[in-house]
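Comments concern the structure below.
The values are calculated or read from the model by the stated rules, or taken from the named source; none is laboratory data. Owing to the predicted nature of the structure, the values given are computational and were not obtained by experimental measurement. Please note: Cβ atoms are built from the backbone with ideal geometry, for glycine as well, and neighbour counts cover all protein chains shown.
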Amino acid sequence: MSDRLLSLEIPESLSGERIDRALSLLTGRSRSDTSKMVAEGCVLIDGEVVRAGSVRVAPGSRVEVTEVRAAAPVRERHREIASFDVLHADRDLVVVDKPSGVVTHPGTGHPHGTLADALVQRYPEMAEVGETDRPGIVHRLDRGTSGVMVCARSPAAYEGLVEQLARRQVRRIYAALVRGHPPSPTGTIDAPIGRDREHRTLMAVSAEGREARTHYSAVETYVHPCDAALLRCGLETGRTHQIRVHLASIGRPLLGDLTYGVPDPFGIGRPLLHAARLTFRHPASGAEMGFSAPMPKDFAEALARFGSEPSAFPTD
């Protein structure tokens, strides 16, 4: 029990933090791993075993991890950090512009380099907000989708924002570039969405699924270099892959969506879907807040191929 796998000193920046969270931040291990290590007596502070993850640490304290009960070796902290722009931040929440290609939170095949990881590094208090494996995350965007997201920095803000989403009080507007022209200038796709019976990692319109409604309007239609349309989509519900599945179900799939749609003719390589506008009430003050994420470069380049510009898309 005297063997030490790790010995480190608590820096000033982690003064007053919980031992399980401090150890997670210093080693790169998950909170569930470090909590288990503490509970099993694998962690000592200044030579004394601690068994409660809630114990607070002081700067300069020596933390040691032992080999009690064959605890797994602690690996070096992963250095891959996702980049993102902050549109707004206060003590309760942060609104970000997520780039395409960034995974929102850890999951199968993507344990590191997520938006959640980057948020916790910038705002350490978020590690204790919401679900352990997706700290601060109130709603998500698919990896290939860009745009505006709100994340919680306090437990109260998290609960308030989740409640607004459940009551459908959060307004979400997306720009979608689809193949073909919509059947009418405006419409609502009201079709339940559930797991695809044959491919369980995918979603599909299914009578056994949960209710889902997407409202859309055509902003512009194009015939060159191919039949396509720029749609303004509003979510009434927020099912997994909802816009992608709904648009594919009416024969107007997203350009660039190789899962539910078709390749884009320009080789951009991601679904041309952008979360352009988000409106909600501040969970602390009750004030209505609205944020827009500018059209990213790749989406703007695709529009330019059709002779259109990002300014053509109305966010209000």
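Here's the yes/no breakdown for (1) more than 19 Å from residue 292 (Cα to Cα); (2) acidic (Asp, Glu); (3) modelled with pLDDT of 95 or more:
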site	(1), (2), (3)
114	yes, no, no
122	yes, no, no
150	no, no, yes
173	no, no, yes
187	yes, no, yes
192	yes, no, yes
216	no, no, yes
223	yes, no, yes
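The residue list 212, 228, 175, 218 contains one member that is buried (at least 16 other Cβ atoms within 10 Å of the Cβ), small (Gly, Ala, Ser), touching a His at 6+ places or on another chain (Cβ under 9 Å) and over 24 Å from residue 148 (Cα atoms), which is 228. Can you name the residue in the stretch 257-304 that is free of Cβ contacts under 8 Å to residues at least 12 places away in the same chain and of a type in the set (D, E, K, R) and is also farthest from residue 178 (Cα to Cα) among such residues? Among them, the one singled out is 288.
The rows are residues; the columns are (1) without any contact (Cβ under 8 Å) to a residue 40 or more places away in the chain; (2) assigned by TED's automatic domain parsing to the domain that holds residue 94.
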{"residue": "149", "(1), (2)": "no, yes"}
{"residue": "195", "(1), (2)": "yes, no"}
{"residue": "198", "(1), (2)": "yes, no"}
{"residue": "216", "(1), (2)": "no, no"}
{"residue": "230", "(1), (2)": "no, no"}
{"residue": "238", "(1), (2)": "no, no"}
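Among the residues of this structure, residue 91 does not count as one that is at pLDDT below 80, under 28 Å from residue 118 (Cβ atoms), basic (Lys, Arg) and exposed (fewer than 12 other Cβ atoms within 10 Å of the Cβ).
Screening the stretch 223-301 for strands (runs of 3 or more DSSP E) wholly inside it with 3 or more residues that are of a type in the set (Gly, Ala, Ser) returns the ranges 228-235. Here residue 64 fits the description: surrounded by 15 or more Cβ atoms within 10 Å (Cβ to Cβ), modelled with pLDDT under 90, over 30 Å from the mean Cα position of the chain (by Cα) and farther than 30 Å from residue 278 by Cα.
Filter the stretch 118-149 for residues that are crowded, with 17+ Cβ neighbours inside 10 Å and among the hydroxyl-bearing types (Ser, Thr, Tyr) and give the result. Passing the criteria: 123, 145, 146. Annotation: of all residues in the stretch 288-315 being within 22 Å of the chain's Cα centre (by Cα) and among the small types (Gly, Ala, Ser), the one that is surrounded by the most Cβ atoms within 10 Å (Cβ to Cβ) is 293.
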